[in-house]
1. On the basis of being at pLDDT below 95 and closer than 26 Å to GLU337 by Cβ, does ASP181 make the cut?
2. For the stretch 65-78, name all the residues that are open to solvent by less than 70 Å² (accessible area, probe 1.4 Å) and either of a type outside the set (A, V, I, L, M) or at pLDDT below 95 (or both).
3. Can GLY148 be described as over 18 Å from the mean Cα position of the chain (by Cα), touching a residue at least 12 places away in the same chain (Cβ under 8 Å) and open to solvent by 20 Å² or more (accessible area, probe 1.4 Å)?
4. Given the options GLN233, GLN223, name the one that is open to solvent by 50 Å² or more (accessible area, probe 1.4 Å) and closer than 14 Å to SER187 by Cβ.
5. Checking THR51 against (1) part of a helix (DSSP H, G or I); (2) among the β-branched types (Val, Ile, Thr); (3) open to solvent by 30 Å² or more (accessible area, probe 1.4 Å): exactly one of these is not met. Which one?
6. For the stretch 54-75, how many residues meet the condition of being touching a residue at least 40 places away in the same chain (Cβ under 8 Å) and either aromatic (Phe, Trp, Tyr) or outside any loop (DSSP other than H, G, I, E, B) (or both)?
7. Do we have GLY87 as modelled with pLDDT of 95 or more and outside any helix (DSSP H, G or I) here?
8. Considering each of ILE315, ILE290 in turn, give the residue that is β-branched (Val, Ile, Thr), out of contact with any Ser or Thr (no Cβ under 7 Å at 6 or more places or on another chain) and either modelled with pLDDT of 95 or more or in a helix (DSSP H, G or I) (or both).
Amino acid sequence: MTRLKALLVGAGGMGKAWAKTLRDCDEVETAGWIDIRAGAAGEAIETLQLTGVRPFDDLALAMAETRPDFLVDVTVPEAHRDVTLAGLRAGIAVLGEKPMSDSMTAAREMVAASERAGKLYMVSQSRRYDGQVLAFRDAIRKYTGDIGILCSDFFLGPHFGGFREQMPSPLLLDMAIHTFDNARQISGRDPVAVYCREFNPAWSWFKGNAGATALFEMTGGLQYIYNGSWCAQGLNTSWQSQWRAFGSLGAASWDGENDPVADRVTGTDGFMRATERFSAPADPNVARGIAGSLREFVQALRTGQTPQGECHDNIKSLAMVFAAIESAKTGKRVSVEW
């Protein structure tokens, strides 16, 4: 089978993680690596001891000389639009890091560019690729009946330093996209509207609001409640959040680190109906994280199948972020539009 040729854009920390993932994929060869910082790509290639990978600091030149089948955009969010549009205009498929962009206007441009080019543009939502989240989704379908309530708690206290601690709305802008996207994946529902409140505790080391509570109305009448903070030190949840789902026949929970469990109602009378506990073991063979994203993207290029994270779908998760931010600013219920 002919290997697909990749061009990697961005040589920061995540760029290096993607370089390793591309290197370890038998179906891909990395033809070039670009970073606008002079010498950055070359230094990264040398550090990782990659062979056959050419360094560049100009995207147009890199695309012309390497003639890739796809490019992987691991730049900062505000650069995603320009990189993606350049790739699509050149007739090259794009696999981009989350979030799709730093604004809904730019995201809509990117979706339209994919349509014009007739080329795949997929956003890597790496936390979808986890055997436990899939087991949780399946447990809901098997044991709880039609769910009406979905809850996620996210409480961590990372001291990043750098730009995140200076951002407005750092939790919603930089992290909640993962959890919101997982809510859509787990429930199979799309967002309708949101009421959100942001806050920042007195002890916060973030300049912007590092906490938020959001209530999303989803299709089918589902109520999704997000509760989170990035300045919560101690008794932390998983980075995957802590989840509960409640339906007509029972409930399911996942702590983000261990296999999910579910309770199904078995009793027909009594003040509290009896339930039976079920385990929901995860498939150990699921490719995790960005390796899973890459595997699905490559399969989509080879088969024409629509992957998770395809831009027409992923923009719905991004829309949840910006609707929540608007609601927090205005204090009003905001429709989620994409």
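The values are calculated or read from the model by the stated rules, or taken from the named source; none is laboratory data. Fair warning: this is a prediction, and the values are worked out from it, not measured in the lab. Because the Cβ atoms are built from the backbone with ideal geometry, glycine has one as well, and the counts that use them run over all protein chains shown. Quick note on the areas: whole protein, heavy atoms, side chains included, nothing else; ligands and nucleic acids left out. Shrake-Rupley method; radii C 1.70, N 1.55, O 1.52, S 1.80 Å.
1. no
2. THR66, PRO68, PHE70, ASP73, THR75, PRO77
3. Answer is yes for this residue.
4. GLN223
5. (1)
6. Going through the stretch 54-75 one residue at a time, the tally reaches 8.
7. no
8. From the options ILE315, ILE290, the qualifying one is ILE315.
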